[in-house]
Amino acid sequence: MKVYIKNYGQSIEVEVSTEVGQFLDRARHKSENLFHEKRRHWDGREFDEYLIAHECSRSYYETPEDWLCHRETFREIITVLESCTPKQRQRFLLFALEGLSCSQIGNIYGCSKSAVLNSIEAVRKKAKHILQADSAK
């Protein structure tokens, strides 16, 4: 399998095994997902450093306070996803976790891009509402 690696702005063609090619493809996909997640900030919070640390190569040691905050955030996210319809949940997860575009998700489910966007926006609104209600307590 041939891959192209940029070295000082110059593209170099390298022959690698299929296994290495798949690894490089997964790494590229994860980088794209991180970029999309960072760009979205869909719930208005700061980008989660825990996610960056675990998806990137540097090590990260979680404090008990961090662990508790992440656990509470996880519960909030689960609450939001449980309040959604199955279609909304599936479409949102494909968008947020897998990094698929609205048109790609529409092709998977046989619906329009705007239907997917409406589902994603509905989940975002529910998330904002639930998170604002929790912060008001």
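Structure data summary
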read-out: Hey, Ala53 modelled with pLDDT of 90 or more and part of a helix (DSSP H, G or I) or not; value: no
read-out: Filtered residues of the range 82-137 (kept if under 22 Å from Asn33 (Cα atoms) and of a type in the set (Lys, Arg)); value: Lys87, Arg89, Arg91, Lys113, Arg124, Lys125, Lys128
read-out: Pair list, Cβ under 6 Å, 6 or more apart: the range 85-112 residue assigned to a loop (DSSP other than H, G, I, E, B), other residue among the aliphatic types (A, V, I, L, M) and surrounded by 17 or more Cβ atoms within 10 Å (Cβ to Cβ); value: Leu100/Leu94
read-out: In the range 116-137, the residues that are more than 10 Å from Arg91 (Cα to Cα), buried (at least 16 other Cβ atoms within 10 Å of the Cβ) and modelled with pLDDT of 90 or more; value: Ala122, Arg124, Lys126
read-out: Test: Glu46 is touching a helix residue (DSSP H, G or I) at 6+ places or on another chain (Cβ under 9 Å), at pLDDT below 80 and not aliphatic (A, V, I, L, M); value: no
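The values are calculated or read from the model by the stated rules, or taken from the named source; none is laboratory data. The structure displayed is predicted, hence computed values, not measured ones. Every residue, glycine as well, gets a Cβ built from its backbone with ideal geometry; the counts of neighbours run over all protein chains shown.
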